[in-house]
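*Asks:* Handing you a structure now.
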Amino acid sequence: MSRESKHDAWSAGESYERYMGRWSLAIAREFVAWLDQPPGLDWLDIGCGTGALSATILERAAPRSLVGVDPSDGFVEQARHTIGSERARFTTGQAGSLPCDDGSIDVVTSALAYNFFPDRPAALKEMRRVVRPRGVVSFYVWDYPGGGMGFVDAFWKAAVAIDAKAEALVESRRFPFCTSDALLREVSDAGLSDAEVRAIETTTRFTDFNDFWSPFTLGAGPAPGYYLSLDRDGQERMRERLEAELGGGKAIEFPARAWAMRARAD
């Protein structure tokens, strides 16, 4: 489950919350409603991060138990700190080697992490191993190829304009499989059945430019990690370019779209 780009700095839980966690939470609510699972089930949240999806499951799905797994000690600690439910347990681990027994989970899920798994077929195999017969395997990812994360796209367009080498780091290039058709193929190839995919959309709203910009300076995530890799002049050029394009004192909005996937294990 390693986020492999050298600019992926996934250690500071609070910084990630400001950068991406709040938008993941907006998607998580509709995602859990779409899964529509009965109460009293055992859930597994892979790549749980700071706990946006886990918190939503606990609040809205009434699980018997929930295990959250993430490779980042910082994220796991943040999830433990913010989610105090006795039904939940958070631990450090990898998608390719899940800390769960065979056939012990009713619903395996993941939020905004599947595209970072270094070996997605191996991760899907692990999901099948731990899920019970006819159990649910599910996840959601941003629609990067379709421009589904507008504020991140705006950042990378400015980055490429001042640094052509940044083109290789843009998520739409790194994650071309984050489309409905490609995700359906991967899940079907893994031997899962009844696969369905749907778009979940929201709007990312920022009160002003500083609200938009400050999360990029905190280092938690690919784009913020890239920003911190720049020298002071490069950082200032990035800020100036984006502020000129977006405006300094007005509210800023971007569309956001995720692909949600669910399937069943035979």
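*Asks:* Name the residues in segment 105-157 that are over 23 Å from SER72 (Cβ atoms), under 18 Å from the mean Cα position of the chain (by Cα) and in a strand (DSSP E or B), would you?
*Replies:* Hits for segment 105-157: nothing passes.
*Asks:* Tell me whether segment 51-74 contains one or more residues that are in contact with a Gly (Cβ under 6 Å, 6 or more places away or on another chain) and at pLDDT below 90.
*Replies:* yes
*Asks:* Looking only at segment 67-94, which residues are under 15 Å from the mean Cα position of the chain (by Cα) and among the hydroxyl-bearing types (Ser, Thr, Tyr)?
*Replies:* SER72
*Asks:* Given (1) without any contact (Cβ under 8 Å) to a residue 40 or more places away in the chain; (2) in contact with a Lys or Arg (Cβ under 8 Å, 6 or more places away or on another chain); (3) crowded, with 18+ Cβ neighbours inside 10 Å; (4) over 23 Å from ALA260 (Cα atoms), identify the lone condition not met by GLY68.
*Replies:* With respect to (1) without any contact (Cβ under 8 Å) to a residue 40 or more places away in the chain; (2) in contact with a Lys or Arg (Cβ under 8 Å, 6 or more places away or on another chain); (3) crowded, with 18+ Cβ neighbours inside 10 Å; (4) over 23 Å from ALA260 (Cα atoms), GLY68 is out only on (4).
*Asks:* Continuing with the same structure: What number of residues in segment 71-91 are farther than 13 Å from GLU17 by Cβ, without any contact (Cβ under 8 Å) to a residue 60 or more places away in the chain and part of a loop (DSSP other than H, G, I, E, B)?
*Replies:* Residues that pass the stated criteria total 4.
*Asks:* In segment 167-186, which residue that is in a loop (DSSP other than H, G, I, E, B) and touching a Phe, Trp or Tyr at 6+ places or on another chain (Cβ under 9 Å) is farthest from MET261 (Cα to Cα)?
*Replies:* Restricting to residues being in a loop (DSSP other than H, G, I, E, B) and touching a Phe, Trp or Tyr at 6+ places or on another chain (Cβ under 9 Å), the top hit is VAL170.
*Asks:* Inspect all residues belonging to segment 187-196 and state whether any of them is exposed (fewer than 15 other Cβ atoms within 10 Å of the Cβ), part of a helix (DSSP H, G or I), acidic (Asp, Glu) and out of contact with any helix residue (DSSP H, G or I) (no Cβ under 8 Å at 6 or more places or on another chain). Please lay out each step first, then the result.
*Replies:* Quick first cut of segment 187-196, residues exposed (fewer than 15 other Cβ atoms within 10 Å of the Cβ) only: 188-189, 191, 193-194, 196.
Filter once more, so that each one left must be part of a helix (DSSP H, G or I): 188-189.
Then drop every residue that is not acidic (Asp, Glu), which leaves 189.
After this cut, where a residue has to be out of contact with any helix residue (DSSP H, G or I) (no Cβ under 8 Å at 6 or more places or on another chain) as well, the list is none.
Taking every residue of segment 187-196 in turn, none turns out to be exposed (fewer than 15 other Cβ atoms within 10 Å of the Cβ), part of a helix (DSSP H, G or I), acidic (Asp, Glu) and out of contact with any helix residue (DSSP H, G or I) (no Cβ under 8 Å at 6 or more places or on another chain).
*Asks:* Sticking with this one: Given the conditions (1) of a type in the set (A, V, I, L, M); (2) over 17 Å from PHE139 (Cβ atoms); (3) within 12 Å of the chain's Cα centre (by Cα), which single one is not true for ALA52?
*Replies:* (2)
*Asks:* When the residues of segment 1-43 are filtered to those that are in a strand (DSSP E or B) and either among the hydrophobic types (A, V, I, L, M, F, W, C) or at pLDDT below 85 (or both), which remaining residue is nearest to GLU201 (Cα to Cα)?
*Replies:* First, pick out the residues of segment 1-43 that are in a strand (DSSP E or B): 9, 42-43.
From what is left, the residues that are either among the hydrophobic types (A, V, I, L, M, F, W, C) or at pLDDT below 85 (or both) are 9, 43.
Working: ALA9: 26, TRP43: 24 Å.
The extreme case among them is TRP43.
*Asks:* Could you identify the single residue in GLY103, GLY146, GLY96 that is surrounded by fewer than 16 Cβ atoms within 10 Å (Cβ to Cβ) and either among the basic types (Lys, Arg) or farther than 27 Å from LEU246 by Cβ (or both)? Show your work before the answer.
*Replies:* Values: GLY146 fails: either among the basic types (Lys, Arg) or farther than 27 Å from LEU246 by Cβ (or both); GLY96 fails: surrounded by fewer than 16 Cβ atoms within 10 Å (Cβ to Cβ).
Going through GLY103, GLY146, GLY96 in turn, the sole match is GLY103.
*Asks:* Is it fair to say GLU243 is more than 30 Å from ASP119 (Cα to Cα), of a type in the set (Asp, Glu), surrounded by 14 or more Cβ atoms within 10 Å (Cβ to Cβ) and out of contact with any Ser or Thr (no Cβ under 6 Å at 6 or more places or on another chain)? So that I can check it myself, show each step before the final result.
*Replies:* Details: more than 30 Å from ASP119 (Cα to Cα): yes; of a type in the set (Asp, Glu): yes; surrounded by 14 or more Cβ atoms within 10 Å (Cβ to Cβ): yes; out of contact with any Ser or Thr (no Cβ under 6 Å at 6 or more places or on another chain): yes.
Considered against the rule, which asks whether it is more than 30 Å from ASP119 (Cα to Cα), of a type in the set (Asp, Glu), surrounded by 14 or more Cβ atoms within 10 Å (Cβ to Cβ) and out of contact with any Ser or Thr (no Cβ under 6 Å at 6 or more places or on another chain), GLU243 comes out as yes.
*Asks:* What residue, of GLU245, GLU236, is within 22 Å of ALA164 (Cα to Cα), at pLDDT below 95, outside any loop (DSSP other than H, G, I, E, B) and out of contact with any Leu (no Cβ under 6 Å at 6 or more places or on another chain)? Working first, answer last.
*Replies:* Numbers: GLU236 fails: at pLDDT below 95.
From the options GLU245, GLU236, the qualifying one is GLU245.
*Asks:* Quick one: PRO176 ticks every box in (1) modelled with pLDDT under 95; (2) touching a Pro at 6+ places or on another chain (Cβ under 6 Å) bar one, so which box is it?
*Replies:* Status for PRO176: all satisfied but (1).
*Asks:* Identify the single condition in (1) in contact with a Ser or Thr (Cβ under 7 Å, 6 or more places away or on another chain); (2) closer than 21 Å to PRO224 by Cβ; (3) of a type in the set (D, E, K, R) that ARG29 does not satisfy, given that it satisfies every other one.
*Replies:* (2)
*Asks:* Within segment 198-233, track down each residue that is assigned to a helix (DSSP H, G or I) and surrounded by fewer than 18 Cβ atoms within 10 Å (Cβ to Cβ).
*Replies:* Step one: of segment 198-233, the residues assigned to a helix (DSSP H, G or I) are 209-217, 222-229, 232-233.
The answer is ASN210, ASP211, SER214, THR217, LEU228, SER229, ARG232, ASP233.
The values are calculated or read from the model by the stated rules, or taken from the named source; none is laboratory data. Every value quoted in this text rests on a predicted model; they were computed, and no experiment measured them. We place every Cβ from the backbone using ideal geometry, glycine too, and count neighbours over all the protein chains shown.
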